[in-house]
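Values in this text are rule-based calculations from the coordinates and carry no lab data. Keep in mind that what you see is a predicted model, and the values were worked out from it rather than measured. Positions of Cβ are backbone-derived with ideal geometry, glycine not excepted, and every protein chain shown enters the neighbour counts.
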Amino acid sequence: MAAVAIAAAAIGGGTATLVQQLTSDAPATTASSVVSGTNVSASSTGTVAGVAAAVSPSIVEISASSTSGESTGSGVIITGDGEIVTNNHVISGASEITVRTSDGKTYRADVVGKDPDKDLALIKLQNASGLKAATLGDSSKVRVGDEVVAIGSPEGLTGTVTSGIVSALDRDVTVAKDTEGSDSGQGQGQGQQQWDPRQGWPFEFGGQQFNGDTGSSKTTYKALQTDASLNPGNSGGALINMNGEIIGINSAMYSPSSSSGSTAGSVGLGFAIPVNTLKADLDALRSGGGS
């Protein structure tokens, strides 16, 4: 039994729960009988499969077209009529935004509000209704070691699910800031450069830069760190706890550059904007700007 317990701990929480049920005097059905108030079914509470099934319909793929080309990112549905939260860098400078939902339907979308300081944006689908809105959780309750699930569209692969843990809290992550429309006229047009999320959003922390130069115009925010695999295109997608609640908006990843100059895959250093930051900014985004 000791060997079984050690193996269970190495594999993860789901197996550990099973071992606990097998060794408990109480019937295995007792635990599921107290589960309520979550959008993950009682039979699959606490499993990656259960979280994925419950939350995937609330995650979308975003294609943003601009003069510099087309980029792909992700977004989270927060209202049934099509309000979607994403990263500002996903839609910055876009002349046209197309959104594809998990059931394959496509919509045009308009930008409602942007907050470059927090790298957040709110868009609204045209003529949408009956969508499944995600449940926003409480990032102040997140602890290091909590299991999490990430859902997004890395490399355009819609609805990709990965899992891991929260590796650290309150990381100071610095990202390039949208300065489109700035009248400074400095930086040799650097503020007008459009970054492609598929090539890795440049950011820095600890005094080091990753995935390219962040430029002269930048902003810093506190982020959740996770080892759940994030890849180009996950930007704007959801970091989710095991109750199916959104605890963060995935925003940056570390990935070593390959010899060809493009970015390689995830090495387990991803960062997400805490959902409480989003909730505090939501009214300002709905009014057309950010706080």
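Can you compute the FRET efficiency between Leu157 and Ser68 using 1/(1 + (r/R0)^6), with r the Cβ-Cβ distance and R0 = 35 Å? Round to the nearest 0.05. Each step should come with its number before you reach the end.
Values: r = 23 Å, r/R0 = 0.65.
About 0.95, to the nearest 0.05.
Nearest 20 debye, what's the magnitude of the dipole of region 101-154 about its Cα centre given +1 on Lys and Arg Cβ and -1 on Asp and Glu Cβ?
Working: 8 positive and 8 negative charges, 43 e Å.
Around 200 debye, computed over region 101-154.
Considering amide H positions built from the backbone, and no H for Pro or chain starts, which residues 5 or more places from Glu83, or on another chain, come under 5 Å of its amide H?
Here the answer is Ile78, Leu125, since their amide H atoms fall under 5 Å of that of Glu83.
Return the long-range amide H neighbours of Val148 (sequence gap of 5 or more, or a different chain), with a cut-off of under 5 Å between placed amide H atoms.
Under 5 Å from the amide H of Val148: Gly164, Ile165, Val166.
Looking at this model, which pairs from Lys132/Lys218; Lys177/Lys279; Lys114/Lys222; Lys105/Lys141; Lys124/Lys279; Lys105/Lys177 are more than 27 angstrom apart at the alpha-carbon? Spell out each step's value before the answer.
On the way: Lys132/Lys218 34 Å; Lys177/Lys279 20 Å; Lys114/Lys222 18 Å; Lys105/Lys141 35 Å; Lys124/Lys279 17 Å; Lys105/Lys177 31 Å.
Lys132/Lys218; Lys105/Lys141; Lys105/Lys177, as the Cα separations exceed 27 Å there.
Report the gain in length on full extension from Thr220 to Asp103: 0.36 nm times residue separation, minus Cα-Cα distance, nm rounded to one decimal. Don't jump to the answer; show the numbers that get you there.
Numbers: separation 117, 0.36 × 117 = 42.12 nm, distance 3.55 nm.
Between Thr220 and Asp103, full extension yields an extra 38.6 nm.
How would you rank 60-73, 148-161, 81-94, highest first, on the average number of other Cβ atoms within 10 Å across their residues? Walk me through the numbers on the way to the answer.
Details: 60-73: 20.3, 148-161: 22.0, 81-94: 24.4.
So the order, starting with the most tightly packed, is 81-94, 148-161, 60-73.
Could you give the length gained on full extension between Asn127 and Asp110, defined as 0.36 nm per residue of separation minus the Cα-Cα distance, in nm?
Working: separation 17, 0.36 × 17 = 6.12 nm, distance 1.12 nm.
Result for the pair: 5.0 nm of gain on full extension.
Check Thr135: other-chain or 5+ apart residues with amide H under 5 Å from its amide H, H built from backbone geometry?
When sequence neighbours closer than 5 places are left aside, the close amide H contacts are Ile246.
What FRET efficiency would be calculated for the residue pair Ala280, Asp81, taking the C-beta separation as r and a Förster radius of 22 Å, to the nearest 0.05? Could the numbers behind the result be given before it?
Details: r = 22 Å, r/R0 = 1.02.
The computed FRET efficiency comes out at 0.50.
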